[in-house]
Structures are given as C-alpha cells and as structure tokens.
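Note sheet for the following structure.
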Amino acid sequence: MALPMSTTGPVPITRALRDALATWVAFLGLLLVAGLATGVWWPADVELSAFLTDIGPLYGLLSFGLVALPVFALRRYRFRSPAALLVGWCLLAVAYGLTQGIQPVRALYIAVLYGFLPVATYPLLAGVEYVFRRMGAKKSSTAA
C-alpha cells in the first residue's frame, strides 16, 4: 500500500485508525507465522490461562503501541520520525538477534517486549518534527 505524501490535508481519523489497526493485526500475524515457522514457540508451549491473563494483554498492548501509533501518526499527521524509529527498532532487533547467535524472530519478540522504550520516544520525536516543520514554514513564508 503506497502512502501518497503529496496531499496537503490529513487523512480522516477513521481511515488512519483503520490503517493503524490493520497494520497492527498484520504485524501480529507476521510474528505468529514467523514464530511457528522457525520453531521459536509452539502452541503447546503456551498455556491458555497464562496467555489470557499475563502475557497476552501485555504483549498486545505493547505491540499495539509499538506498531499502530507510528502508522496513525504517519497517516493522520504525516509525522515520519515515529515510523522511522519503528523501522530502526525492528532492524536493531534483527541485528541483535544475528550478532548474539539467537534467531532474529526471537529478537523481534524481545523487541516488542521492550517496545515501551520507542513508544515513550514517539511523542518527543513527533514534537521535534513539528517544531522543525514550523521553522521551515516560517522561513519559506518570509523568503517569498
């Protein structure tokens, strides 16, 4: 799905939320399939009660914040820095997995569990990007 960046107005909030939720579900599906395909985990390894009470809601919330927030910010407000941090965070996790001798898929699971770190940084990056946009808009309006 190509994101048209040339439009001037923001995408409606419902479309931005839909795209964020779709991306989050796709990310969870990717982790599920990759985890099963590489043998990182098996359904027999996870107890249903533990998944529903302990790790499931935590993992869902962390992965939602990690993946859906940058997509929403990109689609609604055109902020590129949170999406760039998300891509960098995932690449860092894969590189960590490759250099430490563990599977890159297992490293992605670890990256989601430590996903509160980039999630806490998203507002800061979006704020800095907003300030630089405003400064650029003022310079271009005074030059004309």
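What to note about this one:
- Helix-only [θ]222 nm of the chain, DSSP H runs n ≥ 4, -39500 (n - 2.57) each, per residue, nearest 500: -25500 deg cm²/dmol
- In the context of the full set of protein chains, residues of the chain present 63 Å² of accessible surface per residue (probe radius 1.4 Å, heavy atoms only).
- Sites residue 120 and residue 48 - FRET efficiency at Förster radius 35 Å, r taken between beta-carbons, to 0.05: 0.65
- With the convex hull drawn over the C-alpha atoms of the stretch 34-116, the volume per residue is 99 Å³.
- Scaled radius of gyration (Cα, divided by 2.2 N^0.38 Å) that the chain gives: 1.24
- The charge dipole of the chain, taken about its Cα centre with unit charges on the Cβ atoms of Lys, Arg (+1), Asp and Glu (-1) only, comes to about 980 debye.
- Span-like helix ranges in the chain, DSSP H, alpha carbon extent 20 angstrom or more, Kyte mean at least -0.5: 13-38, 56-77, 81-99, 116-143
- Accessible surface of the chain [probe 1.4 Å, protein heavy atoms]: carbon and sulfur percent: 74 percent
- For residue 128 and residue 37, the FRET efficiency from 1/(1 + (r/R0)^6), where r spans their Cβ atoms and R0 equals 41 Å, is about 0.60.
The values are calculated or read from the model by the stated rules, or taken from the named source; none is laboratory data. Quantities reported herein were computed from a predicted structural model and do not represent experimental measurements. For neighbour counting, all protein chains shown are included, and Cβ atoms are generated from backbone atoms with ideal geometry for every residue, glycine included. For accessibility, only protein heavy atoms count, side chains too; no ligands or nucleic acids. Shrake-Rupley method; radii C 1.70, N 1.55, O 1.52, S 1.80 Å.
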